[in-house]
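Novice: Starting off with a structure, shown below.
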Amino acid sequence: MALTDVLELNKTELFTKIRNGLPIVPQTQNLLDCKDDLLYAWDSNESCLLVTNWRVAQLHPESKSAGKLLVSYQTLIPSNTVGLYVDRVVVSNEGSLVALSGPQGVSILEVPRRSGPNGNFMDGKAKITCRTYSLDALLFQNNPQLEVRQVRWHPDSVSDSTLLVLFSNNTIRVYNHTKLRHVWKVGPHTVKTGANTSLSDFGELSVDFDIAPAVKSRNEDSNILSTTTNSLNQSNKTLAAAKAKKERVEWPIVILRENGNIYILLAGIDSEVTRLQGPITISPQTSANYGLESCALLIIPSLPPTVIIAESTGKLHHALLLEAETTEHYLNEVDDGLLIEPSEWTLHVTETVELELGLSSSAANGTGDIYNCPIYLKRDLINEMRYFAYHNAGLHIITVNFIAELQRFLDSEAADNQLALASASSAEYILCTKFDSSDRINAVFGIALLQMPAGLVLLLSSGQVISLKLVIDAQLLMTPKDQTLRKVTDAVLEQQGMGPSFVDTIKGLLQRSVSQPILANKLNASSAHERYELLNQSIEVLRSQYLKRHELVRAEFAKRINCIKLQKKQQLEEIKSLEHEREIISERAHKLAERFEEISDNQELLVRRCQKLMQEANTTLPNNVVAEREFTLEVARINKATKSLAAALDTAKKTSNKQRYHIGKSQESGKSSTYELPEKQQRTITDVLTQLSSEIDRQIADIKRMNKIVGT
């Protein structure tokens, strides 16, 4: 196990959880993706996205550090339940968004911010609820036969949010977050109604696409945008000129159809009108057409770009995308509304590589049929000379050696302009999951490429995880992003972010293509064999159309219940966390209010000082008017008079205080100068006066008595 799992991912809790909820259908898909040091994995059982920092886990295999328990993986819970069957996980170029794609829909999950010493989401929180929205949910609901063929992020998106989705009706829809920006037709419009249409019989349906490096537009009408912006204001002319210049850059979108024909759609990221060219000429001519059973396409951004065309038979065609010397015009498609321009490109096939799909002894001896299966391609972002092909029978690594020869030829200054590609590409069978002639397969359920150090992680349908180290090349690829986006309003899609309801999903699962009618007795007796066949047919219909669908509904209910419980638990935890944060914010608000009052007081003081300084500065200016000078002199005179009055008032107050002091002192001295007799003398004088008073009273009484006598 150590040789096939160098990172020991089989022992991790993340893949233990993933292993318990793998899809039952053994069909090749990609439930893994890696961006920088984060490994993403889709959990089909709980409809959640699991993520782990594989570089930190490799450096610190222990689960505890400094007494703190580290989270082995984080669970990104979609805010809206992802009800579709997810078979592809694609992380955006900058890692801010994750596209969850399935045959019947696409959902976008917004990744939270990274923080903390280990670079985890939200400082290592175990479970995080992330905003999730569905794309064109009503479109899939109204068109049940519509399928998603390919999903790719546009490399020219500044906000890292432009997604291109190829549908089975030969259209590419361009989304920016939840908004539908454009609908580009890449072929005749068709919608399946149960049986294959004539277009699908002829292989006219698009199966894959990829984006080639940007080129300058050859359209002479590219300056239309600048002429339509003449009505703008003078302040917006610079912006309008920048937009007009930007429209001259086009991105060739190479489209592959089932019959092997290649078309190129020339369009900018904000182009309303596109140019479709094709089918482009493929040389050298052969008796059999290239890609009769085409299933995948990949572009390596070399110079010129290298186009990889994969067939389900195991053939890989390596071709160079060249500019044609003369344009070639082809007849229009079945759809009259589709305009195809003369082709400006050609494909030159340099070599064809045949892959060995499994190690079947019967097929090798010629006694059995050769095993065929769809092949999926993935480009190596570290080494541009290498790409990966994964399928039901395992994984191949293909090295395109002529890319190095092309680079050396372009860098050389030799006079000889002839180029001979001598190095053949090599295909290395890294992982084989089919080594017998039976129908049992162990398909690849996920592939992720690690960087620094380079590695490879594979998830098989059996639940086993393969992690290998890769030898990298010194040349690294970097994709610049220097374009901006134009906002377009779309009110119809505002209510489609929630996706289809759970009731509609259950109705879709219970919808049957074949019904089981009530059987009536025949008039003539049927044979036992006919009755046995009828019974077997009825049992098969009941199993496939009734019991199986009820099992799917039960599984859907169980998944829905688990998701709701998980969301409820997470929401309760987040409510507690938000309440705690609210208390902290309230305390900080009080402190900030106090600080604001203090700063306001200081500001008022500074304002008054500034006003005083401004007044003094204005008075000293030599260019003051006469009125201002007179007013200044009058203010100065009043100020001088006020000061003199204040001084006189102070002098009067001092004089009044001095006079009051002298008056009080004289009163005190007058009180102290009065003479007081001694107590004995006062008593003697009092006695004498008392005697005199009594003597006077006696004499008065005698006089009255004598007057009475005389009167009588």
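The values are calculated or read from the model by the stated rules, or taken from the named source; none is laboratory data. Here the structure is a predicted model, which is why all the values come from computation and not from measurement. Heads up, the Cβs are rebuilt from the backbone with ideal geometry, glycines too, and the neighbour counts pull from every protein chain shown. These area figures cover heavy atoms from the full protein model, side chains too; ligands, DNA and RNA do not enter into them. Shrake-Rupley method; radii C 1.70, N 1.55, O 1.52, S 1.80 Å.
Novice: Keeping all protein chains in place, calculate the accessible area per residue for region 51-187 (probe 1.4 angstrom), answer in Å². It would help to have the intermediate numbers written out before the result.
Specialist: On the way: 5310 Å² over 137 residues.
Heavy-atom accessible area per residue stands at 39 Å².
Novice: How would you order 37-50, 447-460 from highest to lowest mean count of nearby Cβ atoms within 10 Å?
Specialist: On the way: 37-50: 22.0, 447-460: 19.8.
Packing proxy ranking, top to bottom: 37-50, 447-460.
Novice: Rank-order 393-399, 555-561 by packing density, defined as the average count of other C-beta atoms within 10 Å over each peptide's residues, highest first.
Specialist: Values: 393-399: 22.7, 555-561: 13.7.
Listed from highest to lowest mean packing, they are 393-399, 555-561.
Novice: Does region 101-187 come out rounded, prolate or oblate, given a ≥ b ≥ c as the square roots of the eigenvalues of its C-alpha gyration tensor, rounded meaning a/c under 1.5 and, failing that, prolate meaning a/b above b/c?
Specialist: Numbers: a/c = 3.05, a/b = 1.97, b/c = 1.55.
Note, shape of region 101-187 comes out prolate.
Novice: Tell me the net charge near Arg660. Cut-off is 14 Å between Cβ atoms, Arg660 excluded, with +1 for each Lys or Arg and -1 for each Asp or Glu.
Specialist: Details: positive: Lys653, Lys654, Lys658, Lys665; negative: Glu668.
Value of the local net charge: +3.
Novice: Turning to a different aspect of this structure: For a protection proxy built on the mean count of beta-carbon atoms within 10 angstrom, sort 271-278, 375-382 highest first, please. Let's see the in-between values first.
Specialist: Values: 271-278: 18.0, 375-382: 19.5.
For the peptides 271-278, 375-382, the packing ranking is 375-382, 271-278.
Novice: Another question, if that's okay. According to a simple spin-label model (label point 7 Å from Cα along Cα-to-Cβ), what is the distance in nm between Asn639 and Arg554?
Specialist: 9.8
Novice: A further question follows. State whether region 79-126 is rounded, prolate or oblate according to the following rule on the C-alpha gyration tensor (a ≥ b ≥ c being the square roots of its eigenvalues): a/c under 1.5 gives rounded; otherwise a/b larger than b/c gives prolate, and the remaining case gives oblate.
Specialist: Working: a/c = 3.21, a/b = 2.10, b/c = 1.53.
Prolate shape, in that a/c is at least 1.5 and a/b is the bigger ratio.
Novice: Still on this structure: Of all the accessible heavy-atom surface of region 574-613, with the other protein chains kept in place and a 1.4 Å probe, what percent is carbon and sulfur? Could the numbers behind the result be given before it?
Specialist: On the way: 2230 of 3960 Å².
Carbon and sulfur atoms account for 56 percent of the accessible area of region 574-613.
Novice: Quick one: which residues, 5 or more positions from Ile472 or on another chain, have an amide H under 5 Å from its amide H? H modelled 1.01 Å from N in the peptide plane, none for Pro or chain starts.
Specialist: none
Novice: Express the accessible area of region 579-682 per residue in Å², computed with a 1.4 Å probe while the remaining protein chains stay in the model.
Specialist: Details: 10100 Å² over 104 residues.
Per residue, region 579-682 has 97 Å² of solvent-accessible surface.
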